[in-house]
Amino acid sequence: MDDYGWFEDHGAALDSCLTFVRGRDVDAVMRILGGETIGRIKGISDMYEHAMFDITAVTELDGGVLIAEAYSTLGLKKKTGGALSAGGAAVATVYHSQANDARFIWAVDGEIRSDFDYGNAWYREGSDPDALIDVLTTLGFNLTEDDPDGLDFSYDEDASARAFTLVEHLTGMRLTESVMTGNEFALVRMPANLMGC
C-alpha cells in the first residue's frame, strides 16, 4: 500500500470530499451536474480560500475527473453518485472530516453499490454492500465490530491510505501530491437544489 502521508500536509484531511469519476471528462461532469465555472486555481490548497457549501474544484486526471470539496458534501449525495455513474461510469468518493465520520462511497451504473466508514468498515450499506469484501480484506481494512468508544478500539492510522488505494483499485485513478499541488482546478458553483438534495 502506498504512503499518503503527504495528504495531511495540504489541509485536506481536516475536511474534504474527493470524488473520482472514471470515464468522464470535465465537460461531461459539468453537463451532468449543471455547474458554472467561476474561476480557476492551481492546487487544492487554494480551494480553502473559496470554501463555500456550493463551490467545488474540478480537474482532469488520467482516466477521469476529480471533484474536490472543502466543507461541503456534494459527493456524498446519492443523487450525485447515481447521476455521475449512470451509463457504466464508476464513481468513488472519499470523505474526511474533523468530526471523525469518514465515508467511502462506490457507485456504478447509476446505483450506490457500497457505502461505509473506511476507518471501520464492518458495517456497509448499498445495493451490494459485500461486493468489495475481498479487496477490503486484502487491503487490511478494519472489518471487526469494534465500538469506537470502547477501551479496545484502535484507530487505523492508515485508513486514508487504504481508502485512496481502494479508489485506485476501483477506478484506475491515482491521487498524487503533484495533483494536489500542481493541477489546474476549475472553481465551479453548483446549483443550490443539487447541494441540498
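FYI, it's all coordinate maths here, none of it is from the lab. What you are looking at is a predicted structure, and each value in this text was computed from that prediction instead of being measured. Positions of Cβ are backbone-derived with ideal geometry, glycine not excepted, and every protein chain shown enters the neighbour counts.
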*May I ask you to derive the relative contact order of the chain, considering only C-alpha pairs under 8 Å and at least 6 residues apart, and to give it as an integer percent?*
30 percent
*asked:* Could you identify which residue out of Asp158, Asp134, Asp54 has the top mean-square fluctuation in a GNM of the chain using Cα springs shorter than 10 Å?
replied: Asp134
*Considering the values (1) 158; (2) 186; (3) 111, which represents volume of the Cα convex hull per residue in Å³ as calculated for the structure under consideration?*
(3)
*Could you state the angle between the C-alpha long axis of helix 159-171 and the longest principal axis of the C-alpha atoms of the chain, as a value from 0 to 90 degrees rounded to the nearest 10?*
60 degrees
_Magnitude of the charge dipole, the chain, Cβ model with Lys/Arg +1 and Asp/Glu -1, debye to 20_ = 1020 debye
*Between the alpha-carbon centers of segment 15-62 and segment 91-120, tell me the distance in whole angstrom.*
18 Å
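Would you mind getting me the FRET efficiency between Lys42 and Leu194? Use the beta-carbon distance for r and R0 = 25 Å, nearest 0.05. Could the numbers behind the result be given before it?
Values: r = 26 Å, r/R0 = 1.04.
Taking R0 as 25 Å, the efficiency between Lys42 and Leu194 is 0.45.
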*Assuming R0 = 41 Å, what is the FRET efficiency of Ser127 and Thr181, from their Cβ-Cβ distance, to the nearest 0.05?*
0.65
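For the chain, what does -39500 (n - 2.57) per DSSP helix run (n ≥ 4), summed and divided by total residues, give at 222 nm, in deg cm²/dmol to the nearest 500? Mind showing how you got there, number by number?
Numbers: 6 runs with 46 residues, N = 197.
It lands at -6000 deg cm²/dmol.
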